[in-house]
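Asks: This is the structure I have questions about; it appears just below.
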Amino acid sequence: MTPRSRRPQRAAAHELERYAGLFASRTRGMKSSAMRDLMAITERPEVISLAGGLPDTSTFPAENFAAIMAKVAATSTAAALQYGPTEGLSIVKDAIRHVMAAEGAEVDPEDIMVTTGGQQVIDLVCRTLIDPGDVIVAEAPTYPGAIPSFASFQADVVQIEMDADGMPIDVLEETLDRLEREGRRPKFIYTIPNFQNPGGVTMSLPRRKRLVEVAAERELLVLEDNPYGLLRYEGDPLPTLLELSGGDFIIYLGTFSKILSAGLRLGWAVAPAPVLAKMNLGKQGADLCTSSMTQHFVAQYFREGQWEPYLEDLKGLYRGRRDTLLGALAEHFPAEATWTRPEGGLFVWATLPTEIDTTDLLARALQRNVAFVPGRGAYLDGRGAASMRLNFSGVGDADIREGVRRIGEVVGEQLELFGALTGSRPAPAAPEREATAAEPDPDLADVLHLPRKQAGERRWRGAR
């Protein structure tokens with residue numbers, strides 16, 4: 001038998017037509033993740049990637065990894081190679097309780113479900129709650145990885161622009177009142193209160209307290225996405241929404257991706273019992289259970305008490321890289337640009353003069369072997385054209401400085417060209433505004449010519 005010839009990764013139009021009638025209607029609304037589109041390119045060693053939310057896993061000692069796996073092999077081989085309960089192993093739930101206690105949240109193991117990464121929590125919440133056309137309220141900008149989940153379940157996402165203290169709850173209440181008048185009740189509110197991805201800002205304590213009150217008063221669920229809460233580099237820790245609420249109307253999302261390893265694909269949800277039961281049914285249909293081997297690895301790691309010293313090392317490393325990025329932005333970005341100064345987490349959100357479209361800018365930046373996430377990838381309505389998300393955790397100081405220098409160079413060239421064509425100076429960064437029909441929302445894969453499979457306050461003023 002001769003091997004099948006390799007098919008082109010981007011299907012021809014006539015080939016797509018052959019299968020079009022088979023696709024579910026919801027696939028028409030599916031969106032590609034801006035980060036996933038870039039993964040194939042940023043894997044190239046010559047590319048400086050400030051795009052992905054990558055933790056620096058090179059910091060995890062190889063000898064520790066080998067020793068932990070050896071202990072799992074010696075004591076738990078059969079269990080690690082077997083199916084586990086859908087809700088997760090009790091030994092991992094104990095580790096999760098330790099992590100959450102470090103943020104001041106005490107949880108019952110019965111209220112925890114172990115998931116295949118934090119991303120699965122978002123999918124399961126949508127799978128459990130969202131019918132086509134249902135409303136989700138989210139921050140603007142929002143986590144680019146959540147957008148494909150929201151879109152695949154055909155949700156109507158209403159985004160509320162943040163300021164330096166996170167989502168303005170007064171604006172949220174006005175939005176909820178408007179939706180109520182329209183006869184539309186949101187299924188949940190999605191927020192990343194700590195060092196928001198991609199914005200880098202943190203929701204203030206008064207706003208957290210009021211958000212919990214609003215959820216209780218209106219009996220609305222809040223999905224609290226908290227991957228970065230323990231990655232605080234300065235300032236005082238703030239209580240989680242789960243802690244403030246006592247658990248009512250809060251679905252909490254946690255993950256080991258940022259404090260241990262993204263490759264483990266291990267996250268968790270804490271939710272009210274009726275919601276967790278439905279999410280459990282959704283998970284049974286999705287993957288039966290999360291990897292038992294991964295769960296045994298994490299349980300053994302926590303038994304040895306290594307996680308807190310390792311986390312402190314990570315925080316020191318990331319704090320320095322954050323400062324390097326902020327310094328490079330001040331040196332290489334135009335005076336009209338603004339950016340956030342996060343107290344923790346992994347991201348800075350930068351906004352350029354309004355003449356710059358960062359989706360187009362990325363294509364030019366990639367020619368200089370540097371990548372970032374364009375701002376449009378964090379909105380569902382075409383906003384964010386002049387903004388970008390920059391990650392500082394995944395590469396070293398020298399690459400951060402050089403990457404920002406290259407981006408700044410391309411920005412300077414674009415502004416010079418604009419000035420030459422118009423004879424005017426660039427406009428300063430402005431608040432995001434609602435997109436109009438005249439403003440396209442280009443697909444990143446199309447702009448970059450990638451194969452599909454590879455493929456305020458109101459405006460935050462950063463420290464300069």
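Asks: Relative to 2.2 N^0.38 Å, what does the C-alpha radius of gyration of the chain come to as a ratio? Two decimals please. Please report the intermediate quantities before stating the final value.
Replies: Details: Rg = 22.3 Å, N = 464, 2.2 N^0.38 = 22.7 Å.
Normalised by 2.2 N^0.38 Å, the Cα Rg of the chain equals 0.98.
Asks: Could you calculate the FRET efficiency of GLN306 with ARG181 from 1/(1 + (r/R0)^6), where r is the beta carbon distance between them and R0 is 56 Å, rounded to 0.05?
Replies: Result of the calculation: an efficiency of 0.55.
Asks: Now, a different point. If the chain between THR75 and ARG210 were fully stretched, how many nm would it gain, using 0.36 nm times the residue separation less the Cα-Cα distance?
Replies: Gain on stretching THR75 to ARG210: 43.8 nm.
Asks: Carbon and sulfur together cover what percent of the accessible area of the chain at a 1.4 Å probe radius?
Replies: On the way: 10450 of 20340 Å².
Carbon plus sulfur share of accessible area: 51 percent.
Asks: Moving on. Can you compute the label reach from ALA330? Point 7 Å from Cα along the Cβ direction, backbone N cut-off under 12 Å, restricted to the range 394-427.
Replies: Within reach of a label on ALA330: no residues.
Asks: Arranged from highest to lowest average of other beta-carbon atoms within 10 Å per residue, in what order do the peptides 351-360, 330-339 appear?
Replies: Highest to lowest by the protection proxy: 351-360, 330-339.
Asks: Suppose every Lys and Arg Cβ carries +1 and every Asp and Glu Cβ carries -1, with no other charges. What dipole size does the chain come out with about its Cα centre, to the nearest 20 debye?
Replies: 1320
Asks: Calculate the FRET efficiency for TYR19 and ALA286 from the Cβ-Cβ distance with a Förster distance of 35 Å, rounded to the nearest 0.05.
Replies: 0.90
Asks: Counting Lys and Arg as +1 and Asp and Glu as -1, each charge on the Cβ, what is the dipole of the range 79-225 about the Cα centre in debye, to the nearest 20?
Replies: 220
Asks: At R0 = 56 Å, how high is the FRET efficiency between ILE91 and LEU417 if r is their beta carbon distance? Nearest 0.05 is fine.
Replies: 0.40
Asks: DSSP beta bridges in the chain, what fraction antiparallel, as a percent rounded to 5?
Replies: Values: 19 of 38 bridges.
DSSP beta bridges in the chain are roughly 50 percent antiparallel.
Asks: Same structure, new question: Need one number: % antiparallel among DSSP beta bridges in the range 198-334, to the nearest 5.
Replies: Counting DSSP beta bridges with both partners in the range 198-334, the antiparallel share is about 50 percent.
Asks: Sticking with this structure for a sec: State in Å² the accessible area per residue of the chain; use a 1.4 Å probe, count heavy atoms of protein chains only, and round to the nearest integer.
Replies: Details: 20340 Å² over 464 residues.
Value for the chain: 44 Å² per residue.
The values are calculated or read from the model by the stated rules, or taken from the named source; none is laboratory data. These figures come from a predicted structure and were not determined experimentally. Ideal geometry is used to build each Cβ from the backbone, glycine not excepted, and the neighbour counts take in all protein chains shown. Side chains included, ligands, DNA and RNA excluded: accessible areas come from the protein's heavy atoms. Shrake-Rupley method; radii C 1.70, N 1.55, O 1.52, S 1.80 Å.
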